[in-house]
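Contents: one structure, followed by commentary.
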Amino acid sequence: MKHENSLRSANWFARDGKDGFIYRAWLKKQGIPSHELEGKPVIGICNTWSELTPCNSHFRELAEAVKRGVLEAGGYPLEFPVMSLGETLIKPTAMLYRNLVSMDVEESIRANPIDGVVLLCGCDKTTPALVMGACSVNIPTIVVSGGAMLTGRHRGHSIGTSDIWRFSDDVRAGRMTNEELAMAEAGMCRSDGHCAVMGTASTMACMVESLGLSLPQNAAIPAPDAARKVLAQLSGSEIVKMVRENRRLTDILTREAFENAIRVNAAIGGSTNFVIHLLAIAGRIGIELNLQDMDTFSANIPLIANLQPSGSYFMEDLYYAGGLPAVINALLEHLHKDCITANGKTIDANYANAVSYNKEVISSLDDPFNAVSGIVVLKGNICEQGAVIKPSAASPHLMQHTGKAIVFEDIDDYKKRIDDPALDVDENSVLVLKNVGPKGYPGMPEVGNLGLPAKLLAKGITDMVRISDGRMSGTGFGTVVLHISPEAAAGGNLAILRDGDVITLDVHQRRLEAAISPEEIARRKAAWKPLYPQSTRGYVQLYQQHVEQAHLGADLDFLKGSSGSEVTRDSH
């Protein structure tokens, strides 16, 4: 065990005189005697519990399990809150505040007497925000995810968040009544936890496990399962060991770990939001990672997890079939097996003996659920710095497609005109939505999987090519091109597209092009003026002035990198 003076918290609690008096006395106010802080690792529990974040509403109980583990291992736990992002309630989009939460986390960790930290995160943006903030401090860190909710039920069928988009289209097409929709609503969320499909929250839980930031099985244990609390307690014990062994984020988050995560994401059919969050995390920890890496390292990995929205099953089924360990085991020949994880063991040691108990849910590389997987990065004169598409969630017949553009200047224009019977659109058209990127909305909302025109839904059309500078919920699906960079609000070529422009999508060739000459592009750009609302105060103004483009991770430019954990000046 380290000597007490090698603990970061000793800079607070082992002090003589006025400063040590203040630091210790006000903790005694809470009933904590001084000996609890002598030589014991002080473990911060960073909690995103909030009644406004329904996915994380069980985190108070989860934190108690973590505390038991910390105490058991000889540490002392101190819980602290940070801003919580509830994807289902926050307007205009939780993504606007991801970077703000990362600042909250970073400064809360650095400013306080914490030797190691447990990150409690569940809903989509809470995971990347907490990891980004912790990376910029770089003390021993472990992640405990909240787990997915139980699979929903409606009229004898399993349902999950992906079905919301289907139900919505059915209502707009007149195939489902609002009363029937209300019945489905009642059966959707049956327990604590985040979305029951491989949406962004589940993708983030898989991301942290594949990166090595959590204990094995963290990703898939359902929120109500007692095993979730057991894992939380074991994680509390593990973080104390991590402090004593000085195992930090820079020891775990190597370039090879990021490559592993990209391959695992391909195998599970993870959310396109994985791209933007992994790039941001890499930027904080100082790892060179770029958009093209997302395609390069996923290109030869098939889809082996049969989960909605790319497949049929749910996170609960994934856990019963062996969880993420079974997926990682199937991929070991493609992974960097010697990467160190939170428990000090390698990927190989953690996952070599994992087994799939249901080949229909977790198949194999030799007999995959779908040979098409991963994230494809597109380039072309519409997306100079790139765009992404998720082939496993797209329609095969649209993967190579040419059509005339129907252009919506912003989300309000789309809502006003999409169901207009006079809209000159057919199933071969390409729907284009501008000004929903990081600066333009602001915050880059999940509106990229545009609902189809009602008159086409009534004809039985279920998919069209859709392109935008926004994002899509990980629960969404369709032939949807996202994250176009530069965005329209930043003056990218997307901004100058017009109705009737002929657009070609060729996923195999990694191409997204408009049939517009360079000369015409230059003429249009010379006449272009920004149309997006620009904030004049507060965080939103700061965000719009400093947010980077999607191909860089949409972090704030001044947050890239690390400020470390040292604080040299006292407060009194």
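Residue check, residue 8 against (1) out of contact with any Ser or Thr (no Cβ under 8 Å at 6 or more places or on another chain); (2) more than 29 Å from residue 192 (Cα to Cα); (3) at pLDDT 95 or above, all met but one. Which one?
(1)
So residue 509 ticks every box in (1) over 16 Å from residue 383 (Cα atoms); (2) open to solvent by 10 Å² or more (accessible area, probe 1.4 Å); (3) not acidic (Asp, Glu) but one. Which box is left unticked?
(1)
Can you pull out the residues in the stretch 542-572 that are out of contact with any Phe, Trp or Tyr (no Cβ under 8 Å at 6 or more places or on another chain) and part of a helix (DSSP H, G or I)?
542, 543, 544, 545, 550, 551, 552, 557, 558, 559
Tell me, which residue of the stretch 230-260 that is in contact (Cβ under 8 Å) with a residue 60 or more places away in the chain, of a type in the set (D, E, K, R) and surrounded by fewer than 22 Cβ atoms within 10 Å (Cβ to Cβ) is farthest from residue 369 (Cα to Cα)?
244
When you scan the stretch 476-486, do you find a residue that is touching a helix residue (DSSP H, G or I) at 6+ places or on another chain (Cβ under 9 Å) and either polar (S, T, N, Q) or more than 20 Å from residue 294 (Cβ to Cβ) (or both), even just one?
yes
Determine if the stretch 446-465 includes at least one residue that is part of a helix (DSSP H, G or I) and either small (Gly, Ala, Ser) or open to solvent by 10 Å² or more (accessible area, probe 1.4 Å) (or both).
Taking every residue of the stretch 446-465 in turn, at least one turns out to be part of a helix (DSSP H, G or I) and either small (Gly, Ala, Ser) or open to solvent by 10 Å² or more (accessible area, probe 1.4 Å) (or both).
Out of the residues in the stretch 548-565 that are touching a residue at least 40 places away in the same chain (Cβ under 8 Å) and open to solvent by 70 Å² or more (accessible area, probe 1.4 Å), state the one that is nearest to residue 378 (Cα to Cα).
Filtering first and then ranking leaves 552.
How about the stretch 400-421: which of its residues are more than 22 Å from residue 493 (Cα to Cα) and open to solvent by 30 Å² or more (accessible area, probe 1.4 Å)?
Hits for the stretch 400-421 are 415, 416, 417, 419, 420, 421.
Do you know which residues across the stretch 190-225 are in contact with a Ser or Thr (Cβ under 9 Å, 6 or more places away or on another chain) and open to solvent by 30 Å² or more (accessible area, probe 1.4 Å)?
Passing the criteria: 190, 192, 195, 216, 224.
Every residue in the stretch 479-491 that is surrounded by fewer than 24 Cβ atoms within 10 Å (Cβ to Cβ) and assigned to a loop (DSSP other than H, G, I, E, B), please.
486, 491
For the stretch 65-91, enumerate the residues that are touching a strand residue (DSSP E or B) at 6+ places or on another chain (Cβ under 9 Å) and under 29 Å from residue 445 (Cα atoms).
Selection gives 80, 81, 82, 84, 87.
Check every one of the helices (runs of 4 or more DSSP H) wholly within the stretch 261-352 and list those with 1 or more residues that are open to solvent by 10 Å² or more (accessible area, probe 1.4 Å) and touching a Cys at 6+ places or on another chain (Cβ under 8 Å).
Here the list reads 273-285.
Name the residues in the stretch 492-506 that are open to solvent by 10 Å² or more (accessible area, probe 1.4 Å) and in a loop (DSSP other than H, G, I, E, B), would you?
Passing the criteria: 498, 499, 500, 501.
Could you check the stretch 394-423 and list, in sequence order, the residues that are in contact with a His (Cβ under 9 Å, 6 or more places away or on another chain) and either under 22 Å from residue 487 (Cβ atoms) or among the aliphatic types (A, V, I, L, M) (or both)?
399 - this is the single residue of the stretch 394-423 that is in contact with a His (Cβ under 9 Å, 6 or more places away or on another chain) and either under 22 Å from residue 487 (Cβ atoms) or among the aliphatic types (A, V, I, L, M) (or both).
Are there any helices (runs of 4 or more DSSP H) wholly within the stretch 149-235 with 3 or more residues that are closer than 23 Å to residue 54 by Cα and of a type in the set (Gly, Ala, Ser), and if so which?
Output list reads 178-188, 200-211.
Can you pull out every residue in the stretch 422-435 that is farther than 17 Å from residue 465 by Cα and open to solvent by less than 20 Å² (accessible area, probe 1.4 Å)?
Answer for the stretch 422-435, where residues must be farther than 17 Å from residue 465 by Cα and open to solvent by less than 20 Å² (accessible area, probe 1.4 Å): just 435.
Applying the selection to the stretch 1-19, what residues are touching a Phe, Trp or Tyr at 6+ places or on another chain (Cβ under 7 Å) and not aromatic (Phe, Trp, Tyr)?
15
So, in the stretch 512-541, exactly how many residues are open to solvent by less than 60 Å² (accessible area, probe 1.4 Å), assigned to a loop (DSSP other than H, G, I, E, B) and free of Cβ contacts under 8 Å to residues at least 12 places away in the same chain?
Final tally of qualifying residues: 1.
If I filter the stretch 424-437 for residues that are among the aliphatic types (A, V, I, L, M), closer than 21 Å to residue 291 by Cα and in contact (Cβ under 8 Å) with a residue 12 or more places away in the chain, do I get at least one hit?
Among the residues of the stretch 424-437, at least one is among the aliphatic types (A, V, I, L, M), closer than 21 Å to residue 291 by Cα and in contact (Cβ under 8 Å) with a residue 12 or more places away in the chain, which makes the answer yes.
Out of all the residues in the stretch 353-385, which are farther than 23 Å from residue 210 by Cβ and either open to solvent by less than 10 Å² (accessible area, probe 1.4 Å) or of a type in the set (Lys, Arg) (or both)?
378, 379, 382, 383
How many residues, within the stretch 26-37, are in a loop (DSSP other than H, G, I, E, B) and open to solvent by less than 70 Å² (accessible area, probe 1.4 Å)?
So the answer is 3.
The values are calculated or read from the model by the stated rules, or taken from the named source; none is laboratory data. Everything numeric here is computed off the predicted structure, so don't read it as measured data. Quick reminder, even Gly has a Cβ in these numbers, built from the backbone with ideal geometry, and neighbours come from all protein chains shown. Heavy atoms of the whole protein, side chains included, go into the accessibility calculation; ligands, DNA and RNA do not. Shrake-Rupley method; radii C 1.70, N 1.55, O 1.52, S 1.80 Å.
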